[in-house]
1. Take the range 230-348, compute every pairwise Cα distance, and split them into 10 Å bins from 0; I just need the percent in each bin.
2. By accessible area of protein heavy atoms, probe 1.4 Å, what ranking do TYR136, TYR223 get, highest first?
3. Could you put HIS382, HIS29 in order of accessible surface area, largest first, with the 1.4 Å probe and the full protein assembly present?
4. Ignoring ligands, DNA and RNA, how do GLU260, GLU389 rank by accessible area with a 1.4 Å probe, largest first?
5. Determine the alpha carbon to alpha carbon distance for each of LYS183/LYS386; LYS183/LYS338; LYS45/LYS263; LYS47/LYS321; LYS302/LYS327; LYS179/LYS289 and list only those over 24 Å.
Amino acid sequence: QGKHKYSGIVQDCCCDYETVDHLNEEVLHPLLQELVKTPFFRYFKVKLWCDCPFWPDDGMCRLRDCSVCECPESEFPELFKKPYHRGLPSDDLMCQEGKPQAAVDRTLDSKAFRGWTETDNPWTHDDETDNSEMTYVNLQLNPERYTGYTGPSARRIWDAVYSENCPKYPSEESCQEEKILYKLISGLHSSISIHIASDYLLDEATNLWGNNLELMYDRVLRYPYRVENLFFTFLFVLRAVTKAADYLEQAEYNTGNPTEDLKTQSLMRQLVYNSKLQAACPLPFDEAKLWKGQRGPELKQKIQAQFKNISALMDCVGCEKCRLWGKLQVLGLGTALKILFSVNGEEHLGQTLQLQRNEVIALMNLLNRLSESVKFVHEMGHAAEKLIEGK
Ligand code: FAD
């Protein structure tokens with residue numbers, strides 16, 4: 001096992017690469033992997049409608065793997081066996097892909113969630129309180145991996161995300177806050193690319209899946225700023241989770257399965273009040289430094305509007321499974337932004353912060369994805385670089 005070459009403090013954060021790798025390996029990754037498997041965290045409510053406000057004709061998905069792998073029913077507890085379809089009539093599942101098998105698996109337990117507030121996220125385009133077109137998706141049946149979604153359609157989305165909404169290569173003049181939006185998106189993009197590379201269709205004929213280290217190198221590792229941005233995004237989201245620790249610890253994780261729900265609660269507690277994390281990296285990111293000065297409120301509004309546009313672009317992602325993970329992770333980022341910036345005054349956080357369960361599900365699943373990417377870079381980064389050097 002090799003280590004990657006990064007060392008020192010992650011830029012704009014408060015912890016160094018070695019500490020992040022170590023904490024992730026020892027504490028965060030194992031806990032998050034357990035957490036996202038619990039009934040509470042594996043069902044995500046999403047509007048998968050192809051409601052692209054920008055390009056009506058977007059979308060192409062070549063491979064079956066754009067859709068989902070259906071797992072045997074025996075895998076599920078009794079309560080989860082009854083499929084629950086709501087929202088989209090089946091014809092609509094054709095969507096822009098034009099392939100029924102490209103649809104996301106909507107296996108659902110109708111009792112999976114209860115008792116959370118219904119409040120809209122001010123950072124995202126979707127109205128999260130509107131349940132009319134929402135459907136539930138089992139994330140465990142729909143892993144983020146290579147789907148074959150590529151070409152001008154995918155490129156157009158990323159181009160729009162970067163060119164229209166963020167300054168592409170933040171220059172010295174661009175202020176700290178704008179850089180942060182760019183870095184969050186770039187870090188998320190790195191993570192998506194790493195997931196594609198870590199679960200890639202190596203041979204279509206034999207359906208052989210595995211690591212594609214060359215792709216990981218070409219898309220991420222050869223650009224150090226993309227790795228840095230991945231670490232930055234990970235620490236940013238981690239800070240949001242630790243800032244909302246009291247809220248997250250007190251929240252109800254009730255799915256009607258007391259044993260599982262107690263486990264969820266316990267995992268959450270171990271994560272948000274983690275002594276190793278508090279000792280090694282007590283403040284993963286310092287949000288108090290932002291939105292200062294006269295331009296503060298105006299800038300915040302501008303960045304919120306930009307992030308909303310990015311969130312709206314997710315409806316244009318032409319592959320349904322990519323759209324699912326795009327929407328989940330953007331909602332997760334929106335939730336982190338909401339926790340860190342929407343509430344004025346840290347000391348009142350417990351009283352004023354209101355989260356939807358779906359926001360928390362997105363937040364923790366996003367953190368898990370980022371944690372997986374950091375781990376993959378830690379474990380495979382060196383091997384990928386050696387492989388390329390050897391060629
Ligand atoms: P892209 O990844 O499309 O990158 C386009 C351009 O963006 C690059 O040329 C570069 O200039 C810039 N860029 C790339 N990475 C970064 C970075 N980290 N920071 C800053 N700039 C960068 N495909 C799948 O197989 N599975 C998925 O689950 C999946 N999910 C997706 C989700 C979304 C929201 C989108 C928009 C696309 C998704 N895709 C997915 C497609 C995938 O991201 C790529 O677009 C596709 O694989 C083609 O890759 P590419 O080599 O052309 O470069």
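1. 11, 33, 34, 19, 2, 0
2. Largest to smallest exposure gives the sequence TYR223, TYR136.
3. Descending accessible area places them as HIS382, HIS29.
4. These residues rank, largest area first, as GLU389, GLU260.
5. LYS183/LYS386
The values are calculated or read from the model by the stated rules, or taken from the named source; none is laboratory data. As the structure is a computational prediction, the values presented were derived from the model and not from experiment. Note: areas computed on protein heavy atoms with side chains; ligands, DNA, RNA excluded. Shrake-Rupley method; radii C 1.70, N 1.55, O 1.52, S 1.80 Å.
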